[in-house]
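Colleague: First, the structure itself, so that you have it in front of you.
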Amino acid sequence: MESRLKKGLGRGLSSLLGDSSKKIDTNKVLIKDITRNKLQPRKHFDKESLEELTNSIRKQGVIQPIIVRPSKSPEGKYEIIAGERRWLASQNAGLHEVPVVILDVDDVKSLEFAIVENIQRQDLNSIEEARGYRRLVDDFNYNQEKLSQFISKSRSYIANSLRLLSLPEDVLLMVERGNLSAGHARTLIGLNNSVDIAKKIIQKKLSVRQSEILVKQFRDKKFKLISQKDSNVLDLQKDLEEKTGLNVSINNKKNNSGIISFEYRDLNQLDKLINVIKKNY
């Protein structure tokens with residue numbers, strides 16, 4: 001699985017860098033002329049690992065060039081595509097210039113590369129990864145099939161990743177801070193009282209399995225009804241959730257009439273839902 005993942009990600013990198021057999025030119029650029037990537041999915045940097053990198057750069061310099069593109073912003077001449085941590089550490093180390101590879105790419109390629117590099121380095125937390133996928137889906141017309149091929153992960157993996165974003169912001173913040181794992185967070189999806197339960201999980205230091213048991217105790221009547229649904233209805237509900245990345249509830253009545261509910265967190269998700277419905281139905 002690991003080799004297949006790297007192979008798939010390698011194709012993503014090659015599509016940006018071009019023929020890997022050709023020599024890639026590097027340049028020296030002033031740090032003050034470089035700005036961070038506004039599309040960068042990674043928002044949090046571990047202080048300890050950043051300090052270690054800073055000390056390494058003080059001794060050995062920047063070994064791997066930072067990848068940049070010409071900036072459209074007046075704040076700097078170049079915008080980082082990949083290597084923001086190296087850029088930050090270089091500033092902390094007191095450097096005035098850094099080696100860079102300059103590429104002329106659009107926003108899509110820039111975001112693709114940022115996601116690929118961070119996945120390869122395992123630098124993204126689960127929420128940053130999900131938001132990176134959501135950005136590709138919402139802003140650059142990716143679907144889950146195209147995402148699956150690009151990062152060599154299953155559609156179900158991507159759907160589960162995107163579903164994390166349906167959780168309240170307070171719970172997402174717990175995951176980003178490392179207080180709650182993605183596995184714990186998934187047990188909370190769809191719960192009305194997910195913030196309270198998340199706090200209990202952290203307080204009691206519960207395992208994922210223990211969290212699942214706790215969640216069952218807090219399920220409200222709505223979710224008890226879900227467990228009694230016809231298997232065909234549940235399959236359709238799951239299919240809709242995978243296609244939309246949202247929580248879906250289908251309440252089918254005895255006369256086969258009913259209500260389909262989609263849970264969205266903001267207008268962007270609503271707009272995406274409308275586009276999916278128009279495209280597929």
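Colleague: Return, for the Cα atoms of region 72-162, the radius of gyration and Dmax in Å, separated by a comma.
Modeller: Considering region 72-162 through its Cα atoms, Rg and Dmax are 15.1, 45 Å.
Colleague: If you don't mind, there's one more thing I want to ask. Once you place label points 7 Å from the Cα toward the Cβ at GLN217 and ASN55, how far apart are they in nm?
Modeller: 4.4
Colleague: Using r as the Cβ-Cβ distance of ILE259 and TYR157, and R0 as 25 Å, what FRET efficiency do you calculate, to the nearest 0.05?
Modeller: 0.25
Colleague: From the Cα gyration tensor of region 167-219, with a ≥ b ≥ c the square roots of its eigenvalues, which class applies: rounded if a/c is under 1.5, or else prolate if a/b is larger than b/c, or else oblate?
Modeller: Oblate, because a/c is 1.5 or more while a/b does not exceed b/c.
Colleague: Given the pairs LYS72/LYS279; LYS28/LYS109; LYS146/LYS199; LYS38/LYS205; LYS28/LYS72; LYS38/LYS146, which are separated by over 26 angstrom at their Cα positions?
Modeller: Violating the 26 Å limit, Cα to Cα: LYS72/LYS279; LYS146/LYS199; LYS38/LYS205.
Colleague: Separate question: Sticking with the crude label model, points 7 Å out along Cα→Cβ, report the distance from LYS72 to ASN192 in nm, one decimal please.
Modeller: With each label placed 7 Å out from Cα toward Cβ, I get 4.4 nm.
Colleague: Cα to Cα, under 18 Å, and not fewer than 8 places away if on the same chain: which aspartates and glutamates meet these conditions relative to LYS32?
Modeller: Counting by Cα, and skipping residues close in sequence, LYS32 has these aspartates and glutamates nearby: GLU75, GLU79, GLU84, GLU97.
Just so you know, all these numbers are worked out from the coordinates, no wet-lab data involved. Note that the structure is a prediction, hence the values are computed from the model and not measured. Please note: Cβ atoms are built from the backbone with ideal geometry, for glycine as well, and neighbour counts cover all protein chains shown.
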